[in-house]
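Take a look at the structure below.
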Amino acid sequence: MAFVDEMNAKATAGTGGNGVVRWLHLKGLEKAGPAGGDGGRGGDVVLEGVRDLSMLASYRFTKSFRAQDGGAGAGNDRHGKDGEPAVIKVPVGTVATVEETGETFELLEDGQRLVVFKGGAGGFGNAHFKSSVNRNPFESTPGRKGQEGTLHITLKLIADAGFVGFPNAGKSSLLNALTKSRSRVAAYPFTTLDPHLGDFYGYLLADIPGLIEGASDGRGLGSKFLRHVERTGFLVHLVSAEQEDLEKSYRAIRAELEAAGSGLTEKRELVVLSKIDMLPPEEQAGAVSSLAKAIGKEVIPLSVIDDDLLKAFSDRLAKELAEK
């Protein structure tokens, strides 16, 4: 099933049930008093957070959601049945915006429920209008219409660490090496079209699709997935040793993160010189040292086919995650 991280849907809360005019029938009395019950409340439209990233994909062919209407009142002052809510399950990390009002709702926990549209109140039956001066009211009111609107639903991943970098920087290979993820790997750009996740000793790692210069302005795949970096605990920035200018490659991605805003450049960052095995052994240490000096940060050498380097990075990543 294709990964879906945004959708639009029309949602309508239920209409309240009508109040009714009924009379209490007693032996010898045709109308012993008003006994019409109130209508039930219309069902709400509710968002529920679930730990299932594929949840939005299940709504590919669903364009609208409607809660159940409330039931009408009945005799003997019986209240109508309340309508069942329309529950829209969305992945944890979802932001829903009501297009008509701009109101936003965020689902940050598994099982969290938020009412986005309230059901209409039920109408009053004639028993409601009984008073000392109006003992036999013929009045009743209809149920009120529920709220409705269009929801724009967007998923922003919540991960403990996110891998960022140019296409083919080795992000998918690293995720596969550290976790049981099976991200697609190939020798051409944009192999990763969707964010992939992996479990690393109970921590969630996210392989964010490759960014390119201009991603924050809509170029490539980056503009769509930059938002997934916003809620990432910290960044693992991979710079491929295959790049001709390592410093330029590093700063280009940093510039896109800064242009995207939301404090992305303020997140903690591990800088990794990936695919270092592509360099001759005598040039590897110099490349790491040169990049570190140019950007003023520690640079970690890495090759997923070098067990020692992979273990050293795994240990470092585990330490960083534990300290977050």
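The values are calculated or read from the model by the stated rules, or taken from the named source; none is laboratory data. All figures in this text were calculated on a predicted structure; none of them were measured in a lab. Using ideal geometry, Cβ is built from the backbone for each residue, glycine included, and neighbour counts are taken over all protein chains shown. Surface areas here come from the heavy atoms of the whole protein model, side chains and all, with no ligands, DNA or RNA. Shrake-Rupley method; radii C 1.70, N 1.55, O 1.52, S 1.80 Å.
With each label modelled as a point 7 angstrom along the Cα→C-beta vector, the A318-S289 pair spans 3.1 nm. Other residues with beta-carbon under 11 Å from the beta-carbon of D44 carry, at +1 per Lys or Arg and -1 per Asp or Glu, a net charge of +1. Computed from the alpha carbon atoms alone, the convex hull of the chain holds 168 Å³ per residue.
Across q = 0.15, 0.25 Å⁻¹, the range 38-83 modelled as identical point scatterers on its alpha-carbon atoms has Debye log10 I(q)/I(0) values of -0.57, -0.88, in the order of the q list.
Can you order the peptides 79-87, 296-304 by their average number of other Cβ atoms within 10 Å per residue, highest first?
Values: 79-87: 20.2, 296-304: 17.8.
Averaged packing, sorted descending, gives the order 79-87, 296-304.
Give me the distance in nm between label points sitting 7 Å out from Cα along the Cα-to-Cβ direction at K311 and E109, one decimal. According to this spin-label approximation, the distance is 4.1 nm.
Which whole-number value in Å² is the accessible area per residue of the chain, probe 1.4 Å? Walk me through the numbers on the way to the answer.
Numbers: 16210 Å² over 324 residues.
Result: 50 Å² per residue.
Straight-distance candidates among the lysines for linking to K89, with alpha-carbon spacing under 21 Å and chain neighbours fewer than 8 residues away dropped: K10, K63, K118, K156. Restricting the calculation to Cα atoms, every distinct pair contributes to the Kirkwood radius of the range 1-151, found to be 17.0 Å.
Bridges between two residues of the chain, per DSSP, are antiparallel at a rate of about 55%. By the rule of a C-alpha distance below 27 Å, with chain neighbours fewer than 8 residues away ignored, the lysines paired with K275 are K171, K180, K224, K248, K267, K293, K297, K311, K319, K324. Placing R0 at 41 angstrom, the Cβ-Cβ distance between A32 and E84 gives a FRET efficiency of 0.75 after rounding to 0.05. Other residues lying with their Cβ under 15 Å from the Cβ of A312 contribute a combined charge of -4, Lys and Arg counting +1, Asp and Glu -1. Of A259, L309, S140, which is farthest on the positive side of the dipole of the chain, counting Cα position, with +1 on Lys and Arg Cβ, -1 on Asp and Glu Cβ, and the Cα centre as origin? Most positive-ward Cα: S140. Only protein heavy atoms count here; under a 1.4 Å probe, H152 has an accessible surface of about 60 Å².
For the range 1-58, the list of trypsin sites (Lys or Arg not before Pro) that fall in a loop by DSSP and count at most 13 other C-beta atoms within 10 angstrom reads K27, K31, R51. With a cap of 14 neighbouring Cβ atoms within 10 Å, and only residues DSSP puts in a loop, list the GluC sites (Glu not before Pro) found in the range 1-104. Loop-located and lightly packed - E30, E99, E100, E103. Accessible-area rank, largest first, for Y250, Y201: Y201, Y250, with all protein chains present and a 1.4 angstrom probe. Under the combined filter of DSSP loop state and at most 14 neighbouring Cβ atoms within 10 Å, the range 52-93 retains these chymotrypsin sites (Phe, Trp or Tyr not before Pro): F61.
How big is D, in µm² s⁻¹, for the range 255-320 by Stokes-Einstein at 20 °C and 1.002 mPa s if Rh is the Kirkwood radius over C-alpha pairs?
Values: Rh = 13.3 Å.
In µm²/s, the coefficient rounds to 161.
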